[in-house]
Amino acid sequence: MLQIENLSAEIGGTKILDGLSLSVGAGEVHAIMGPNGAGKSTLAYVLGGRPGYEVTGGSVRFDGKDLLDMEPHERAAAGMFLGFQYPVEIPGVSNVQFLREALNAQRKHRGEEPLNGGEFLKLAKEKAALLKLDMDMLKRHVNVGFSGGEKKRAEMVQMGILDPSFAVLDETDSGLDIDSLRVVGDGINAIMRQPGKGVLLITHYQRLLQVVQPDYVHILSQGRIAKTGSADLANQLEAEGYDKVMAA
Amino acid sequence: MSELATHPTRPTRRDEAWRYSAVEALEGVDLDVWRDITIAPGESWSECLVIEDGADTAATELRRLRIDIGAGARCAIFAIAAAAEYARIEIEVRMGRGAHFEMGGITVGGRDTVREFVTRVVHAEPEATSNQTVRSVHWGKGTGNFLGSIDVVRDAQKTDAAQDFKGLLLDRGASVNAVPQLEIFADDVKCAHGATVGQLDETARYYMAARGIPPELSRRLLVQAFIGDALVGLSDDDTRERLMRVALDKLDKHL
Ligand SMILES: Nc1ncnc2c1ncn2[C@@H]1O[C@H](COP(=O)(O)OP(=O)(O)O)[C@@H](O)[C@H]1O
Ligand SMILES: [Mg+2]
C-alpha cells in the first residue's frame with residue numbers, strides 16, 4: 001500500500017535521504033532501525049509532508065495515489081497517521097476538541113457525516129481505555145503537562161480514534177517504562193494489526209518489536225535502506241550492534 | 001454650528017492616550033460621548049460591549065465609559081472591537097475601598113483598520129483589586145492597541161492591580177502596541193503587567209495538519225485558544241460564545 005522509490009530529501013539544503021526505496025504491503029508491519037541521525041525522523045516527516053523537508057527526487061505512492069502531491073491534512077484524511085517522536089503541546093486546545101475537530105475534518109474530506117459530541121465521546125472513551133489512559137487526561141490541553149510516557153500513550157489514543165489505514169510511528173517506544181511499553185504495543189496491535197492496514201515502525205530498541213512483531217526489519221543508514229531482514233535482524237542488532245551487522 | 005466650535009481641540013498622536021490611534025478618522029465625529037456609570041457600594045454591574053459589523057456600524061466607532069465603583073462593589077466588562085475602520089473602547093474607572101474591576105478585551109482586524117482599548121484605572125482607596133486582560137489578533141495591515149494606565153493614590157494601600165496583554169500577528173504588515181503606564185504612590189501595592197507579541201505556532205499547526213485539520217481550521221482553533229484568555233473571567237456561557245463567534249467570524253472572513 002506504500003511504495004517509496006528512490007526518495008531523496010533535504011533539510012535546509014543538506015541532503016538527508018539519499019535514494020531510499022521501500023515497499024509496505026497491506027497487512028504488513030515493517031520496522032525501521034538505525035543509528036541516531038540516520039534520517040529516520042526525516043523519512044517520517046517527509047511522508048507526513050512537514051514544511052521544511054524538501055523532496056528532491058523519487059516518488060511515494062500511497063494506495064495508488066501520489067502521496068507527495070497531497071497537503072499534510074489531505075494525507076491524514078487519506079488514511080496516513082504520523083506518530084511523532086516529540087508530540088507537540090497545544091495550550092488552550094483540549095484533546096477532546098482537537099481530536100473531534102480532526103476526526104470530523106477527515107470525515108468531511110472523505111464526504112462522510114460528522115460525529116456528534118456524544119458519539120465522539122463514546123469513541124474517545126473506548127480508545128482511552130484501550131491505552132489505559134485516564135479519560136480526564138483527554139479533557140486537558142493537548143500534551144500540556146503530560147509526561148513523556150503519557151504523550152506517547154495519548155498519541156496512540158489519537159491513532160485509535162482516527163483509525164488510519166497506515167501508521168508511521170516514530171520512536172513511539174522511547175520514554176516508556178516496561179509496563180507502558182506493553183500497553184502501547186498491545187494498542188498498536190489492536191488498532192493496526194488488521195488485514196487492510198500497514199505500519200512503519202521506527203524504533204531503536206528491539207523491546208517494542210517483541211510485542212509488535214514485524215514482518216520485515218530494515219536498517220536505515222546514511223539516508224537509505226542499507227539492509228533488510230526478518231524479525232531476527234532486530235535480535236542480531238541488539239546483540240551485535242549496527243557496525244558489526246552492517247559489515248556482515 | 002461647526003464641529004470645530006464644539007470641540008476646539010481635537011486629539012493628535014502627540015496626546016499620550018491617542019498615540020497609535022487613527023486620529024484622522026475622528027474628523028466630524030462627536031467625541032463627547034462619555035457614558036457615566038455609578039455602581040453603588042456593594043453592588044455588582046457587568047456589561048458586554050461589542051463593536052461588530054452591522055447596518056449601522058460607522059467608519060469610526062467610539063465607546064467611552066466613566067465608571068465609579070463604590071466600596072466593595074464589582075464591575076466586569078467584556079468587550080470586543082471587531083469592526084469599523086477605527087474602533088476605540090475607552091474606559092475610565094475610579095475604585096472605592098475593596099472594589100473590584102474585571103476587564104477582558106479583544107481586538108481583531110485586518111486591512112488597515114485600527115482597533116484599540118484605552119483604560120485608566122484609578123485605585124483611589126485601599127484594598128481594591130483590578131484585573132485587565134487584552135488579546136489582539138491582527139492581519140493585513142491591521143493594528144491593535146492597548147493603552148492601559150493604572151494610578152494608585154497615596155492612601156490606596158493593599159491595592160492589587162494586574163494588566164496583561166498579548167498580541168498575535170498573522171501577517172507581516174500587522175502590528176500591535178501595548179503601552180502600560182503605572183503611577184504608584186502607595187507602598188504596599190501589588191501591580192503586575194505583562195505584554196508579549198507573537199505569531200501562530202507553526203509547529204502546532206503542522207501537528208494539527210498531521211491529524212487532518214486543514215490550515216484555516218488550525219488557525220481558527222489556535223486563535224480561539226489565544227483569545228480565550230480574555231474571557232476566562234466571564235461566567236456566562238452564552239455571552240462568551242457570542243464574543244468568541246464575533247472574533248472568529250471576522251477571522252474567517254479575513255477582512
Ligand atoms: N531541522 C534540521 N535542520 C538541519 N538538519 C537537521 C534538521 N533535522 C534533522 N537534521 C539532520 O538530519 C539528520 C537526520 O536526522 P533525523 O532524521 O532526525 O535522524 P534520526 O531520526 O534517524 O535520528 C541528522 O544529521 C540531523 O542532524
Ligand atoms: Mg528521530
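The values are calculated or read from the model by the stated rules, or taken from the named source; none is laboratory data. Values in this document were obtained by computation on a predicted structure and should not be read as measured data. As a convention, Cβ positions derive from the backbone with ideal geometry for all residues, glycine included, and neighbour counts pool all protein chains shown. Side chains are part of the model used for accessible areas, which takes the heavy atoms of the whole protein and leaves out ligands, DNA and RNA. Shrake-Rupley method; radii C 1.70, N 1.55, O 1.52, S 1.80 Å.
How far is helix B:215-228 tilted off the main Cα axis of chain B, in degrees rounded to 10, range 0 to 90? Once rounded, the angle reads 10 degrees. Per-residue ellipticity at 222 nm, computed for chain B from helices alone with -39500 (n - 2.57) per DSSP H run of at least four residues, works out to -5000 deg cm²/dmol. Since only B:Ala76, A:Gly19, A:Ala77 are under comparison, the one whose Cα sits farthest along the positive direction of the charge dipole of the protein assembly as shown, derived from C-beta charges on Lys, Arg, Asp and Glu, is A:Gly19. With a 1.4 Å probe and every protein chain kept in, tell me what percent of the accessible surface of chain A is carbon plus sulfur. So the carbon and sulfur contribution to the accessible surface is 46 percent. Within chain A, helices built from complete DSSP H runs that reach 15 Å or longer along their own axis (Cα positions) and carry a mean Kyte-Doolittle hydropathy of 0.5 or higher are A:178-192.
Which pairs break 24 Å Cα to Cα here: A:Lys127/A:Lys197; A:Lys65/A:Lys197; A:Lys65/A:Lys108; A:Lys40/A:Lys244; A:Lys65/A:Lys227?
Beyond 24 Å: A:Lys65/A:Lys227.
For the range A:44-87, which residues drop by 20 square angstrom or more in accessible area between the chain on its own and all protein chains together (1.4 Å probe)? So the qualifying set is A:Arg50, A:Pro72, A:His73, A:Ala76, A:Leu82, A:Phe84.
Taking the range A:72-145, which GluC sites (Glu not before Pro) meet the DSSP loop condition and have no more than 14 other C-beta atoms within 10 Å?
Values: sites: A:Glu74, A:Glu89, A:Glu101, A:Glu112, A:Glu119, A:Glu126; in loops: A:Glu89, A:Glu112.
Sites meeting the loop and neighbour criteria: A:Glu112.
Summing Cβ point charges (Lys, Arg +1; Asp, Glu -1) relative to the Cα centre of the range B:57-208 gives a dipole of roughly 360 debye.
What chymotrypsin sites (Phe, Trp or Tyr not before Pro) does the range B:87-177 have in DSSP loop regions with at most 15 other beta carbons within 10 Å? Kindly include the intermediate steps, with their values, before the conclusion.
Numbers: sites: B:Phe101, B:Phe117, B:Trp139, B:Phe146, B:Phe165; in loops: B:Trp139.
When the chymotrypsin sites (Phe, Trp or Tyr not before Pro) of the range B:87-177 are filtered for loop state and at most 15 Cβ neighbours within 10 Å, nothing remains.
The aspartates and glutamates whose alpha-carbon is closer than 13 Å to the alpha-carbon of A:Lys132, local same-chain residues fewer than 8 away aside, are A:Glu150, A:Glu155, A:Asp179, A:Asp186. By its C-alpha gyration tensor, with a ≥ b ≥ c as the square roots of the eigenvalues, how is chain B shaped: rounded for a/c under 1.5, else prolate for a/b larger than b/c, else oblate? Since a/c reaches 1.5 but b/c is at least a/b, the shape of chain B is classed as oblate. Evaluated with a Cβ-only charge set (Lys, Arg +1; Asp, Glu -1), the protein assembly as shown carries a dipole of roughly 820 debye about its Cα centre, given to the nearest 20.
Taking a probe of 1.4 Å, how large is the accessible area per residue of chain A, in Å²?
Values: 10440 Å² over 248 residues.
Result: 42 Å² of accessible area for each residue.
What the range B:144-255 shows is 47 Å² of accessible area per residue, with the surface traced by a 1.4 Å probe over protein heavy atoms. Within the range B:1-99, report the trypsin sites (Lys or Arg not before Pro) that DSSP leaves as loop and that have at most 14 other Cβ atoms within 10 Å. Hits after loop and neighbour filter: B:Arg13, B:Arg14. Remark: accessible area buried at the A-B interface is about 1800 Å², both chains counted, probe radius 1.4 Å. Computed from Cα atoms, the angle from the helix B:237-253 axis to the main principal axis of chain B rounds to 50 degrees. Remark on the range B:215-236: accessible area falls by at least 40 square angstrom from chain-alone to full-complex state for B:Leu221, B:Ala225, probe 1.4 angstrom. For B:Lys158, the aspartates and glutamates whose Cα comes closer than 12 Å to its Cα, not counting residues fewer than 8 places off in the same chain, are B:Glu125, B:Glu127, B:Asp187, B:Asp188.
Of all accessible surface on chain B at a 1.4 Å probe, what whole percent is carbon and sulfur?
Numbers: 5250 of 11260 Å².
Reported share for carbon and sulfur atoms: 47 percent.
Which of rounded, prolate, oblate describes the range B:139-212, given a ≥ b ≥ c as roots of the alpha-carbon gyration tensor eigenvalues and a/c under 1.5 marking rounded, otherwise prolate only if a/b is larger than b/c? Numbers along the way, then the final one.
Values: a/c = 6.03, a/b = 2.31, b/c = 2.61.
Cα axes put the range B:139-212 in the oblate bin.
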